[in-house]
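Working notes, beginning with the structure itself.
The values are calculated or read from the model by the stated rules, or taken from the named source; none is laboratory data. All values derive from a computational prediction rather than experimental measurement. FYI the Cβ positions are ideal-geometry reconstructions off the backbone, even for glycines, and counts take in every protein chain you see.
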Amino acid sequence: MPTCRRKRVVLTEPSDALLQAVKSDPHKPVFYLEQTGEIFDTYEAYAARMSFYRLKQFQCEVTGKSGLDYFQAVESERQEARTLHSRFSESLKPAVLKAVQWQVMGRLDHLVEAVYERFKDRYFKGERVLVDLSGTKYYARVEKVYPPKYSSDTSARDAHKDDDFASGNSLEDEVPHSIGGDLKIPAKDATIRDEPDLYFYWVQIMELEKDKSDKGKGSSKNSKLDKDGELTGSLMEVKCYMMSRDRLSFSKSILRRFIRDCVDREAAVASPWIVKPTIAKRYGVDSIMPEETRKGVENIKKGEIDKRKKAWEDKEGPPTKKQKKMTAAQEERVKNLAAVAERKEREAREKAEKQRVAKEEAERLAAEKKKKKPVRYPTEDLDIRMSEKDKKAGLKIKRPFANRAILPFNAVPGTFETFLMGWNFLVVYGTPLHLSVFTLDEFEHALRHSVADPPCSLLAEIHSTLIYNLRTVSFQRHSAILSLLQLKENLESTGRPDEKLFGVSIEELTAVMADIGNNWERVPLRHTEGREGWEEALLGCLKDHATLSNFPRLREILTRLLFAPEASTAPVSCSSSSRSETPLTPLLVMASTPGERYYALPPEDRIAIISFMCNLAISSKAIHTYMESCEEQLTALRKEKIEVNRLKKQYIEEMNVLLGETKEDTANTPSGVNEDVIMQDLSELSEVSDGGSDSAGKRNSKAKDVRGKTAHAKEREAARARQASVKQALAEHRRLDEEVNKLERRLEGIEREFRKLLGGVRVKPLGRDRFYNRIWWFDGMGSASLVGSGGVAQYGTGRIFIQGPSEFDLDLLRKRKEEGEEDGTLEDRRREEEGEECMLGSNDWAVYSDLDELDEFVAWLNPKGHRELALKTALSKWWVHITAGMRKRLADLNVSAKLPDARRSARTKAVAGYDLSREPYMLWTNRRAVNYAS
């Protein structure tokens, strides 16, 4: 049984309610843990137990391995038990188990030692042993065991030899070693009464023991083989000193593992070791304790208890003896002593009470003092309350309004999120999908495109590249048809008719589906031909990949793709329709084709199709290969970033050294130094001329003039050298500064590349605000770039999105709400700081699309909180690219807004004075197509 913190793991018993339910409600659903056989009445109890079993805190009781979960520990014990039981001799097992049954020994090691000493020289019929014959060991099998009474009668042993081996009968009814293997008999008495040296064994030689040390010794090896050839298969009579067991089958460690695996013991004092019932039954060990043994065990237990009791009494002192009857004076004295003792006890209680009150007061004061301690920032965001000082400093009280209404397809819950995730997948994995980048606005307008002429190239390329990718993903033929037929059978089995959808039954739908898109995985959807036939290939892809379980809207979408209304009841434009308008859809009574009907699908259905295909494409080999490539490149970028930072630090240190040397040289060459030297020489010359004769003055004048010129030349030479050194240092400083600038530009490039590659592995929000709202920025990830050729800003969404808190974060908010807020409830604070209309649920989205809104949002963030400090840091890091993308998008929208918006949803081929093909989403070209020719 595995152990946890040195204690055996006890399986959970069924609750009383479950046991009662077996009788009253036998069909009650329960939660069954198959590995352990435990049963739980609630999922919470089941999950808690499973979580406990999955913790890496269990230990295999047999091997001692730790750091395992419960199931790994059980499997380890089972594997060790299988190995152990396969090695341990079957003939020896019953004798060992009978010997340990009902034994009272405190430690398992003492029991193992006793068993080993009793059986190390005793062998049983059928055992595989090693026999030493003149220094050569052979494997042999014990065929017959002769007790000591045959030790002096060779003829008696020979007389039974042939009959015994032919019939397999025993020489006598008693089991060999029955006395020597009985642990209740002292070891010395057992050896005298059943001496192992007096046993004789007939063994059959099987083969020579393999000896690795004989490699290369040809002569000795051949002689042994010859001898082995003569002995193999022969019968020999041997004694115990000539025999031994393989250490892999019998040793103290293996014996200990075998006994521990087969026996158990209660925790009470002096409890006997008991062979487990199933094992005892298998090996014929008596499971009912004999009366004599039971009495002996009770006596041992009683003696052990008395011994412990005596030891305790010795430690505590003997009990007080019964006192004699006291006199009146003695009684009075006892009363006085009792009164004194009572008074002292009362005083002690009063003193303890005063100390308790003083301690509580000290703790209260300490708690108040601790509360007054200054808060260390950053801290938990919700613990921060805006002060008057913060308000005067310009910190925003209320978060700026984040718009939900302008988000596309946000009228139907969950549709915008599906639309956004679908776009993100197509852009991030554009390289393995061979799909050029397109903006979120272009994707939105393409999904609203509702005319077949001119066709939308973006829709054709998206669906075609996904179809090509899904050809490599395993699928089941006609899975959609089978799923629909199963739905029909379920309806009929429950007594409900086949309810028509848009006037089309399941039978009619499957009949039309049977002949369309059957060869979708072989249709050549060529880029040069405009991906002609992609609509039929799309339907074939859905037929083989989709079911009602993985695509709940399958029947609705297939019906709209394959059936059309009558011409007189043709619906109005459904480009802006939602699922709430589905009941207004006219009956679809005319069979049609996907090529004719796709552009009549509402955008919600198109989004559902693309989302379903993207979810399938994640498991494709191309996507997995790309993700692995991203991981490898991320590792290379991390190493390069470390090296670039190291070089940058080295260059900056060299620049600082050069700057210090330049300042030092400049300080050592003050202006006017040459002039001072010249003036000093001239003054000295004048003084000498005045004090001497004319001839002496001339000589001195000449000497000084020479020295002055020499000193002046040296000064000028030193000044030129210093000036050259400074000039060279400045040049080196400029060179290093240029290198540092190059490295900084490379670091910026590494950050952009890191964002692109990280987007191909996982997409994470920029951060969370104080109320756990998630802030998303999706630009510059995967195959998209933040900077184009020539440094032009590029964008994918050009916006900052806000998503409500996750379910986990909402639980944190609820917990904090239950604990209560010091200054009002959490809901009141959210209304004050977010606004009633801006409070988002877990699936709600809003957007900031204007620079002023984003500036106000950043001003609202409080850097004193952990989350908002991290969010503000992330926004500052990418601020240049975020704002550049927003400006670029607004400029593009202004250019596109010159024409009326109604043109995008027109179902007619053209509007007067307007060419639909000039729309930005219609001008998009897939330059990454496999057969694209620029």
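Brief remarks follow.
- Test: residue in the range 751-764 that is assigned to a loop (DSSP other than H, G, I, E, B) and either free of Cβ contacts under 8 Å to residues at least 24 places away in the same chain or under 28 Å from N894 (Cα atoms) (or both): yes
- Residues in the range 453-475 that are within 32 Å of the chain's Cα centre (by Cα) and either not in a loop (DSSP other than H, G, I, E, B) or not hydroxyl-bearing (S, T, Y) (or both): L466, N469, L470, R471, V473, F475.
- Some residue of the range 822-833 being closer than 30 Å to W423 by Cα, aliphatic (A, V, I, L, M) and assigned to a helix (DSSP H, G or I): no
- Boolean, S789 is among the polar types (S, T, N, Q), in contact with a helix residue (DSSP H, G or I) (Cβ under 9 Å, 6 or more places away or on another chain) and within 30 Å of D892 (Cβ to Cβ): no
- Considering (1) out of contact with any Gly (no Cβ under 6 Å at 6 or more places or on another chain); (2) modelled with pLDDT under 90, the lone condition that Y772 does not fulfil carries the number (2).
Let's see how each residue does on (1) hydroxyl-bearing (S, T, Y); (2) exposed (fewer than 12 other Cβ atoms within 10 Å of the Cβ):
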| residue | (1), (2) |
| --- | --- |
| I610 | no, no |
| T625 | yes, yes |
| E631 | no, no |
| I642 | no, yes |
| L647 | no, no |
| E654 | no, no |
| T662 | yes, no |
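- From the options E748, E753, residue that is under 30 Å from R646 (Cβ atoms), acidic (D, E) and either assigned by TED's automatic domain parsing to the domain that holds A870 or surrounded by 15 or more Cβ atoms within 10 Å (Cβ to Cβ) (or both): E753
- Only one of I274, I259 that is touching a Lys or Arg at 6+ places or on another chain (Cβ under 9 Å) and modelled with pLDDT of 80 or more: I274
- Residues that are of a type in the set (K, R) and either exposed (fewer than 12 other Cβ atoms within 10 Å of the Cβ) or more than 23 Å from R260 (Cα to Cα) (or both) do occur in the range 28-42, at least one of them.
- Breaking point among (1) part of a helix (DSSP H, G or I); (2) over 28 Å from P863 (Cβ atoms), for A784: (1)
- Test: residue in the range 391-411 that is part of a helix (DSSP H, G or I) and either surrounded by 18 or more Cβ atoms within 10 Å (Cβ to Cβ) or among the β-branched types (V, I, T) (or both): no
- Criterion (more than 28 Å from the chain's Cα centre (by Cα) and either of a type outside the set (G, A, S) or at pLDDT 90 or above (or both)) met by exactly one of R830, R814: R830
- Filter result (within 39 Å of the chain's Cα centre (by Cα) and among the aliphatic types (A, V, I, L, M)) within the range 538-569: L538, L539, L542, A546, L548, L554, I557
- Hits in the range 53-72 - residues which are under 20 Å from the mean Cα position of the chain (by Cα) and of a type outside the set (A, V, I, L, M): Y53, R54, K56, Q57, F58, G67, D69, Y70, F71, Q72
- Filter result for E837 (touching a residue at least 12 places away in the same chain (Cβ under 8 Å) and over 28 Å from D892 (Cβ atoms)): yes
Conditions (1) without any contact (Cβ under 8 Å) to a residue 12 or more places away in the chain; (2) touching a His at 6+ places or on another chain (Cβ under 9 Å); (3) surrounded by 13 or more Cβ atoms within 10 Å (Cβ to Cβ), marked per residue:
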position	(1), (2), (3)
D705	no, no, yes
T710	yes, no, no
L730	no, no, yes
E738	yes, no, no
W776	no, no, yes
S789	yes, no, no
A793	no, yes, yes
E807	no, no, no
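- L255 meets all of the listed conditions (1) outside any loop (DSSP other than H, G, I, E, B); (2) in the same structural domain as K98 (by TED's automatic domain parsing); (3) more than 27 Å from T83 (Cβ to Cβ) but one, namely (3).
- Only listed residue being over 26 Å from A446 (Cβ atoms) and either at pLDDT 90 or above or surrounded by fewer than 17 Cβ atoms within 10 Å (Cβ to Cβ) (or both), chosen from G530, G495: G495
- Residue under evaluation Y116, criteria (1) over 46 Å from the mean Cα position of the chain (by Cα); (2) not in a helix (DSSP H, G or I), criterion not met: (2)
- Residue match in the range 620-642 (condition: in a loop (DSSP other than H, G, I, E, B), under 30 Å from L470 (Cβ atoms) and touching a helix residue (DSSP H, G or I) at 6+ places or on another chain (Cβ under 8 Å)): yes
- Of residues in the range 521-564 being in a loop (DSSP other than H, G, I, E, B) and either aliphatic (A, V, I, L, M) or outside the structural domain of S464 (by TED's automatic domain parsing) (or both), the one nearest to A617 (Cα to Cα): A546
- Scan of the range 47-88 for residues that are over 29 Å from F250 (Cα atoms) and touching a helix residue (DSSP H, G or I) at 6+ places or on another chain (Cβ under 6 Å), ordered by number: Y53, D69, Y70
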